[in-house]
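Enquirer: If you scroll down you'll find the structure; I have some questions about it.
The values are calculated or read from the model by the stated rules, or taken from the named source; none is laboratory data. On a predicted model such as this, the values are computed, not experimentally measured, just so you know. A quick note on method: Cβ atoms are made from the backbone with ideal geometry, for glycine too, and the neighbour counts reach across all protein chains shown. Heads up: the accessible areas ignore ligands, DNA and RNA and are worked out on the full protein's heavy atoms, side chains in. Shrake-Rupley method; radii C 1.70, N 1.55, O 1.52, S 1.80 Å.
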Amino acid sequence: MKTLATKLVPIAFALASLTAWAQPPGGQQPGGQAQPVQANLNLIIAQVQKAALATNGDLGKLRIEKWKTDADQKDQLQKMSDSIQRNLTNAIPGLIGDVQNSRGGVAATFKLYHNITIVYEYLTSLTDAAGVLGKKEEYEPLAADAAALDSARENLSTYIQQQATSYESRVRTPPSGGASTQGPPSAATKNGVRTVTGPNGIKHIIVDDVPEEPATHTKKKTSKSAPKPSPAASGKSSPTPAPSPK
């Protein structure tokens, strides 16, 4: 009976852990909507700097020359350790400075994220080698350093994703406060002057060239010919006809 109770304790603990893991963060029920937590870039930068400093110090404590392997592999592992240390000392501080100068620009932050990803991959390989070939005192600090770098890397990824989503929202939202960007701009024409309203709500006045109207040729009125004056009116007597011969 005592043995059965001892076996049930780990199972109950595992079920409790699984139930806690399945619940939404903050105790929220599955039906609710979780509010996204905005990543704080300053805290992430501080996390990167702390992890880089700790990793650099732990790499300096390695005694790879005493590891249980051949000389060629020791040389390769030592070069890997030196390369990681140079990156932590030279590359990461410069990339952090670029992020700060750009005020959290996505491009600069992604470069830092990409570099930390490479450092993390090499550090993981070196940590695995330390666990097999080195001492426990060398492996455990490196494992903690790799976990810290991985956490900082994931936080940087979250920040980049949030910034990209925010940028897309600003681009898709009309700047005039709800004016639709679809459809052709409206225009009103009057006397050759067009008032065009663009998609951003700004009106533009366009003056078209108005063609001149063709001149209408009017026919000149020709004066009627004056009537010939009558003989009486002219003051001349009309000739009397000659008497016919009898």
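Enquirer: Please find, within the range 57-87, the residue that is most open to solvent (accessible area, probe 1.4 Å) out of those that are farther than 13 Å from Leu126 by Cβ and within 39 Å of the chain's Cα centre (by Cα).
Expert: Once the filter is applied, the top-ranked residue is Arg86.
Enquirer: When both residues are 6+ apart or on different chains and their Cβ atoms are under 9 Å apart, which pairs have a first residue that lies in the range 153-169 and is without any contact (Cβ under 8 Å) to a residue 24 or more places away in the chain, and a second that is open to solvent by less than 50 Å² (accessible area, probe 1.4 Å) and not in a helix (DSSP H, G or I)?
Expert: As it stands, the answer is Gln161/Ala39, since those pairs meet every condition given.
Matching residues to (1) under 20 Å from Gln78 (Cα atoms); (2) among the acidic types (Asp, Glu); (3) at pLDDT below 95; (4) within 26 Å of the chain's Cα centre (by Cα):
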| position | (1), (2), (3), (4) |
| --- | --- |
| Thr109 | no, no, no, yes |
| Thr127 | yes, no, no, no |
| Glu140 | yes, yes, no, no |
| Gln162 | no, no, yes, yes |
| Thr165 | no, no, yes, yes |
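Quick grid of which residues meet (1) in contact (Cβ under 8 Å) with a residue 40 or more places away in the chain; (2) in contact with a Gly (Cβ under 9 Å, 6 or more places away or on another chain); (3) under 19 Å from Asp82 (Cβ atoms); (4) open to solvent by less than 10 Å² (accessible area, probe 1.4 Å):
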site: Phe110; (1), (2), (3), (4): yes, no, no, no
site: Ile116; (1), (2), (3), (4): yes, no, yes, yes
site: Tyr122; (1), (2), (3), (4): yes, no, yes, no
site: Leu126; (1), (2), (3), (4): yes, no, yes, yes
site: Ala130; (1), (2), (3), (4): yes, no, yes, yes
site: Asp150; (1), (2), (3), (4): no, no, no, no
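Enquirer: Okay, moving on. Could you please find all residues in the range 37-56 being of a type outside the set (Ser, Thr, Tyr), surrounded by 15 or more Cβ atoms within 10 Å (Cβ to Cβ) and within 14 Å of Leu142 (Cα to Cα)?
Expert: Ala51, Ala52, Ala54, Asn56
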